[in-house]
Amino acid sequence: MRQRTQGTGGNPLRRDADRARTRMHAAFALTCLLAVIAGVALGRAAWTDGNRAAEDIARHRHTVTATTVSETTYRAGDQPSSRPVTVATATWRYPSQRPHTATIPVPAGTRNGDTVRVWVDGNGSAATAPPRQADIALNAVGVGAGALAGIVLAGSALVVLRLRIVDARSTRAWESEWATIEPLWSGRLRPGQGTGDDCD
């Protein structure tokens, strides 16, 4: 009974097209399973690589105290859709009391002469903060989800294409069989058949 349900048995009512469709559905289910496994694996790899990179960056970044020497202004955010960033010119000394001056992001409401914390690299130049755990996790989820979606979409396209081919062949076979059976079933003469011809 199970073989007939799965389309692998010798049920005479199941055509080759039916078996092909069953195999395609099973292949798509297997593709989805493999997509999940690949997505999880790539997401974990991205998480591991992201943490390793963040740790390496953190070893070469430091925070120092800077003093603003101008009033705050605004500049465009890093992303087109992000809000403007509050910035001001500030000075600090690092390392060995070497002076540095640069325009850096500061909290809103910062005034001229206020002190702020700034991330710097090993040379004392202004730098971005090490990646946060939330950013690393978001990137890992994006990598995993992207891989999963890509594999599923590719598998879906192949299965749909294969099913269309199977359906087209099945339709042609059905039309050919119907052209032979329909005159016998309806009593209608086939093309080229005379009234005295045997319908059998």
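Numbers below:
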| item | result |
| --- | --- |
| Elements of type strands (runs of 3 or more DSSP E) in the stretch 64-169, at least 1 residues being within 39 Å of the chain's Cα centre (by Cα), among the basic types (K, R) and at pLDDT 90 or above | 115-120 |
| Residues (among the hydrophobic types (A, V, I, L, M, F, W, C), in contact with a Gly (Cβ under 8 Å, 6 or more places away or on another chain) and open to solvent by 80 Å² or more (accessible area, probe 1.4 Å)) located in the stretch 28-70 | V40, L42 |
| Selection count where residues are charged (D, E, K, R), in contact (Cβ under 8 Å) with a residue 40 or more places away in the chain and open to solvent by 80 Å² or more (accessible area, probe 1.4 Å), scope the stretch 93-126 | 2 |
| Residues located in the stretch 104-137, provided they are touching a Lys or Arg at 6+ places or on another chain (Cβ under 8 Å) and more than 30 Å from A45 (Cα to Cα) | G124 |
| Index of the failed condition, W47 passing every other in (1) closer than 30 Å to G150 by Cβ; (2) aromatic (F, W, Y); (3) modelled with pLDDT under 95 | (3) |
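The values are calculated or read from the model by the stated rules, or taken from the named source; none is laboratory data. None of the values given here were measured: they were computed from a predicted structure. Heads up, the Cβs are rebuilt from the backbone with ideal geometry, glycines too, and the neighbour counts pull from every protein chain shown. The accessibility values were calculated without ligands, DNA or RNA, using every heavy atom of the protein model including side chains. Shrake-Rupley method; radii C 1.70, N 1.55, O 1.52, S 1.80 Å.
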